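Okay, so here's the structure we're looking at.
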Amino acid sequence: MIKNKFTNKICILIIIISLLVTALFMSGTALGITDYSVDTKTYEDTIFDDSYVHTINIKIDDADWNELLENAIDKEYYICDIEIDGKVLSDVAIRTKGNSSLDNIVKSDSDRYSFKVEFDHYTDALNYYGLDKLTLNNIYQDNTYLKDYLSYDMFNYMDVASPLSSYAYITINGEEYGLYLAAEAVEDSFVDRVYGEDSDGNLYKPETSQEFKDNMQMPGDVEGQNVNAAPRNMGGRQTTATDEIDEETELPTRAPGAIDGDTIPTDTENSMAVPKEMSSSSNGSSLVYTDDSYDSYTDIFDNAKNDITDEDKDTLIASLKQLNSYEDIDTAIDVYSVIDYFVVHNYLLNYDSYTAYMLHNYYLFEEDGLLSMISWDYNLSFGTFVYQQSQSATMYVNYPIDTPTYNVELEERPILNAILSDEEYLEQYHKEFEILLETYFESGYFEEKFDSTVEMISPYVEMDPTSFCTYEDFLEGTETLREFCLLRATSIDLQLDGTIPTTSDGQLTSDDLIDADYIDMTDLGQK
């Protein structure tokens with residue numbers, strides 16, 4: 001080697017730079033820096049690896065924690081450190097989450113809140129293996145611990161845009177808080193994962209106004225209403241399930257799952273339905289086109305998850321107008337994506353959603369004028385949002401796939417009605433249901449997934465110190481849910497082959513419904 005007078009200095013300088021670079025990478029985690037050049041893991045195969053229960057330890061200043069608990073309803077952010085499976089991130093934001101469920105916990109003697117964790121709230125570059133936001137769901141109103149998890153699994157299995165999820169056992173300042181469901185927040189990193197980093201689409205979370213919710217009459221709120229009544233889309237004249245068919249009017253008399261003494265309402269005033277004028281929001285979340293005014297769609301535009309322009313608003317309104325014309329709907333919606341969404345959704349019977357009167361718990365994605373839907377919040381699926389003890393589980397097991405709304409008419413939900421009222425798309429909808437049944441259920445996948453998940457989480461449920469149910473409730477609930485799911489799949493299979501009618505009118509007089517009267521749906525946990 002040829003040496004000169006600067007050789008030693010250069011070597012020393014190189015060594016110093018190398019040591020500094022090494023130290024920087026070694027301390028990157030503590031500094032909240034994600035080392036993409038060394039660690040190629042993603043959040044899909046770390047926190048959302050659902051083959052084991054993760055550990056999440058949250059450390060927050062005691063004063064901040066006490067203030068968060070005392071003002072939980074405000075959903076204010078507080079700074080904390082979070083350790084996920086040994087990886088520590090500092091200066092992370094945490095707040096309570098939820099709406100009615102949050103209010104219910106606030107009014108109770110429990111501090112088991114759901115949380116939203118924002119890694120990038122205080123530091124834009126901070127993330128967890130690329131994940132910007134994480135939700136920690138407290139598994140409220142779910143004795144099975146499975147309703148949300150299974151729902152998301154089914155959506156993702158059918159390649160429907162849906163959050164990833166896994167289970168996590170949580171401690172806060174060293175205190176055990178129990179088994180939670182960790183779910184991917186539907187925000188920037190979700191859009192990048194599902195639609196691609198180059199996507200320029202717009203994300204919305206339609207939500208009805210508080211005034212609409214405050215004025216809504218929920219099942220059981222109407223004085224003198226018949227709690228045994230079938231939902232409005234099962235309607236007919238007022239009669240008992242054991243009446244004979246009136247030959248003069250030829251109106252059906254039996255609601256799916258009706259038992260002796262059940263009645264079928266003649267109008268919304270005496271049924272479980274909310275008033276007709278209340279069943280659709282006037283501000284866009286029903287996706288009904290009314291006019292071209294931005295103010296007619298505040299349910300959507302006020303809940304945009306990214307910055308939107310007037311041009312974006314015009315594009316979405318134009319898509320709604322085209323959709324509601326029921327012509328060339330493939331220019332307004334991503335048809336096959338929407339079909340698969342409703343195949344899974346209508347299997348799951350989630351009525352705290354678009355297909356009933358609440359008109360929320362879904363995301364709307366628009367790109368190049370095409371609308372699609374993203375699943376969200378299924379802890380009250382399998383009929384548990386609306387089920388009452390006076391009803392029979394048979395009605396829900398057999399709920400008709402071609403008239404799947406609850407207490408609202410299909411015409412009031414145009415993105416669904418556009419599919420079901422078109423012969424070609426209805427046929428595709430049925431084909432996708434066949435695929436779901438064949439690959440998810442008949443293949444044995446469901447039972448293997450269900451049983452292995454129950455086995456995996458059972459020890460954590462048993463030691464969960466803040467659970468909303470007992471371990472015995474959990475075991476009973478999972479057994480009931482497993483049976484319900486298999487019966488639901490069997491009924492849909494029989495609906496597809498014509499044995500059981502696919503509509504409410506057809507089911508009213510059918511003698512071929514799957515009998516599920518022995519199932520007690522309260523085992524699942526409910527509203």
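Read the figures in this text as sums done on the coordinates, not as results from a lab. Please read these numbers as outputs of a predicted model, since none were measured by experiment. Heads up, the Cβs are rebuilt from the backbone with ideal geometry, glycines too, and the neighbour counts pull from every protein chain shown.
Listed by Cβ neighbour count within 10 Å, with the fewest neighbours leading, Ile172, Ile73, Ile300 appear as Ile73, Ile172, Ile300. Here the Debye sum runs over all C-alpha atoms of segment 43-196 as equal scatterers in vacuum, and log10 of I(q)/I(0) at q = 0.13 Å⁻¹ comes out as -0.58. Ranking of Asp103, Asp124 by neighbouring Cβ atoms within 10 Å, starting from the fewest: Asp124, Asp103.
Averaged over residues, the count of other Cβ atoms within 10 Å places the peptides 327-334, 58-65 in the sequence 327-334, 58-65, highest first. Here segment 338-486 yields Rg over Rh of 1.00, to two decimals, using C-alpha coordinates and the Kirkwood radius. Remark: segment 156-167, residue by residue, has Karplus-estimated 3J(HN,Hα) of 5, 4, 8, 6, 8, 4, 7, x, 7, 8, 7, 9 Hz, where x stands for each Gly or Pro and the curve is 6.51 cos²θ - 1.76 cosθ + 1.60 at θ = phi - 60°.
Put in order of Cβ neighbour count within 10 Å, fewest first, the listed residues Glu67, Glu175, Glu412 become Glu175, Glu67, Glu412. Evaluated with a Cβ-only charge set (Lys, Arg +1; Asp, Glu -1), segment 49-93 carries a dipole of roughly 120 debye about its Cα centre, given to the nearest 20. Take every pair of alpha-carbon atoms less than 8 Å apart whose residues are at least six positions apart; their mean separation over the length of segment 43-196 yields a relative contact order of 25 percent.
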